[in-house]
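Report on the following structure.
The values are calculated or read from the model by the stated rules, or taken from the named source; none is laboratory data. Predicted model, so just to flag it, every value in this text is computed and none were measured. Cβ coordinates were reconstructed from backbone atoms using ideal geometry, including for glycine residues, and neighbour counts include every protein chain displayed. Calculation scope for accessible area: heavy atoms of the full protein, side chains included, ligands and nucleic acids excluded. Shrake-Rupley method; radii C 1.70, N 1.55, O 1.52, S 1.80 Å.
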Amino acid sequence: MQVLIDNFGQILDGFAKTLWLLLFSGTIAAVLGTILVAMRVSPVAILRFAGTSYINVFRNTPLLLILLIIAFAAPDLGFTYEINNYFNFFFMAATVGLGLYAAAFVCEALRSGINSIPLGQAEAARSIGMTFAQSMRSVILPQAARAVIPPLASTYIALAKNTSVALAIGVTEASFIMKKLNAENAVARWQIFFGFAFGYMVIVAFIASAGALAERSGAKTR
Amino acid sequence: MADAPSDSSEAPGTTPLVALSGVNKWFGDLHVLQDINLDIARGEVVVVIGPSGSGKSTLCRAINRLEPINEGEIKLDGTLLPQEGKALAQLRAEVGMVFQAFNLFAHKTVLDNVTLGPIKVRGRNASEAREEAKKLLDRVGVGEQANKYPAQLSGGQQQRVAIARALAMHPKVMLFDEPTSSLDPEMIKEVLDVMVELANDGMTMVVVTHEMGFARTAANRVLFVADGKIVEEATPEEFFTNPTSDRAKDFLGKILQH
């Protein structure tokens, strides 16, 4: 216990960085995932193909590999963008990698919601002259939203924990700090493990309750 | 208007409202629509009957391209049905459709179901659209239900809302794809009454149905469809009293036994 108390500042810093990773990559995943799902259900064959190909590449590649490829290939291609010392190049690489990876799962979660809506709803929307975009916006997505919450919450919970993979490219998030503390305090390892596990559980609990809340607030429609 | 046999409806200078020529469609190996040629005049009520799997629903759905066809052309008021996109959506707005499963928007109230199209597609002012929607709902006898959700209504009420939703777009033609097939007997009547009234008001209608009573009272023409072909085409009297094809005789024999 003493180890955790002595290094509390460092641990908080680590989790702060974890949360930044989650926020940035989660936003990328939400935006890109929505674009991808629109492509996958669109009436245009080439867009469907592009969307499906994206999913096949990013869902089928280990996250660690994606982060390593971005961290090591991007500089070779001339991308070395960083905001400042805190949001340095490796942080940016991890954010982009996590975002690209999670977008594939967000897309599929959204698609499962869209597929849960009976085909007749889309046909009725088309029959009164709505375009694809209009029927999505006014008819399909509002109804899909509720069905989407549980799988979407799971996706974001997975993303929160997957931020730990960023330690492999040297991002000083929580797991990086955990590894460091473990190296320095070999006698208190299990306390350190449980301490950090608890930290992740708190983050996940917040996402899960946000999901539950969203589900309940939507319960009255229908 | 009392009777409009298929050939006299094409008076010189008037284009048919709906014109199908050489229409073919396949579902895999199944040739569901075979060389369909069909002209429907303004104000005409055409009832399509036939055994299940005959292609009658597909024929109905092809008219607003919910089912794309493989060959031939379909014209609506002289305009060829566009393939995709905005132009197709605009043309669909001119064609009302009523489905077997009602397909009301489950997350919207009855009133919002009816106003959605006029507001989003036609760009009508919301309060105007609501006023008209209320009148339409009164006309089909569900004005009281305006603020309920579809799931709170009986099947017959839902189907009448669906008719009002289609009418709100001021369609040139209304398609009915087995509108009473998923209704209890007592609800069938309330829906058919609305449809007969529409027919009497001069709406052009294509109705796929098993309701022979409706065909007799409201139809100008009966199409008997079997195996993807229009096998027989006649006025209701001719068709029911004196069918010419064996296929139609057989079909009528089966359904009129009960």
- Scope the range A:41-63; condition open to solvent by 50 Å² or more (accessible area, probe 1.4 Å) and either more than 14 Å from chain B (Cβ to nearest Cβ) or without any contact (Cβ under 8 Å) to a residue 40 or more places away in the chain (or both); matching residues: A:Val44, A:Ala45, A:Ile46, A:Leu47, A:Arg48, A:Phe49, A:Asn56, A:Val57, A:Arg59, A:Asn60, A:Pro62
- Task: Those residues that are open to solvent by 30 Å² or more (accessible area, probe 1.4 Å), in contact with a helix residue (DSSP H, G or I) (Cβ under 6 Å, 6 or more places away or on another chain) and not β-branched (Val, Ile, Thr), I need them from the range B:158-205; list them, please.
- Result: B:Gln158, B:Met187, B:Glu190
- Query: buried (at least 21 other Cβ atoms within 10 Å of the Cβ), touching a Phe, Trp or Tyr at 6+ places or on another chain (Cβ under 9 Å), part of a helix (DSSP H, G or I) and at the interface with chain A (Cβ under 8 Å from one of its Cβ atoms) - does that describe any residue in the range B:114-122?
  - Reply: yes
- Query: Can you tell me which residues in the range B:126-163 are under 14 Å from B:Phe105 (Cα atoms) and in a loop (DSSP other than H, G, I, E, B)?
  - Reply: B:Ala146, B:Asn147, B:Lys148, B:Tyr149, B:Leu153
- Please state which of the following conditions A:Ala186 fails to meet, knowing it meets all the rest: (1) crowded, with 18+ Cβ neighbours inside 10 Å; (2) free of Cβ contacts under 8 Å to residues at least 60 places away in the same chain. (1)
- Query: For the range B:92-108, does any single residue satisfy the condition of being within 14 Å of another protein chain (Cβ to nearest Cβ), closer than 21 Å to A:Ala133 by Cα and among the polar types (S, T, N, Q)?
  - Reply: yes
- Residue satisfying all of: in the range B:143-154; within 14 Å of chain A (Cβ to nearest Cβ) and open to solvent by less than 40 Å² (accessible area, probe 1.4 Å); nearest to B:Asn103 (Cα to Cα) among these: B:Pro150
- Residues of the range B:206-257 satisfying the condition of being assigned to a helix (DSSP H, G or I) and of a type in the set (Ser, Thr, Tyr): B:Thr217, B:Thr241
- Among the residues of the range B:164-200, write down those that are in a helix (DSSP H, G or I), in contact with a Lys or Arg (Cβ under 9 Å, 6 or more places away or on another chain) and touching a residue at least 60 places away in the same chain (Cβ under 8 Å). B:Leu167
- Which numbered condition trips up B:Arg61, out of (1) within 14 Å of chain A (Cβ to nearest Cβ); (2) touching a helix residue (DSSP H, G or I) at 6+ places or on another chain (Cβ under 6 Å); (3) of a type outside the set (Asp, Glu)? (2)
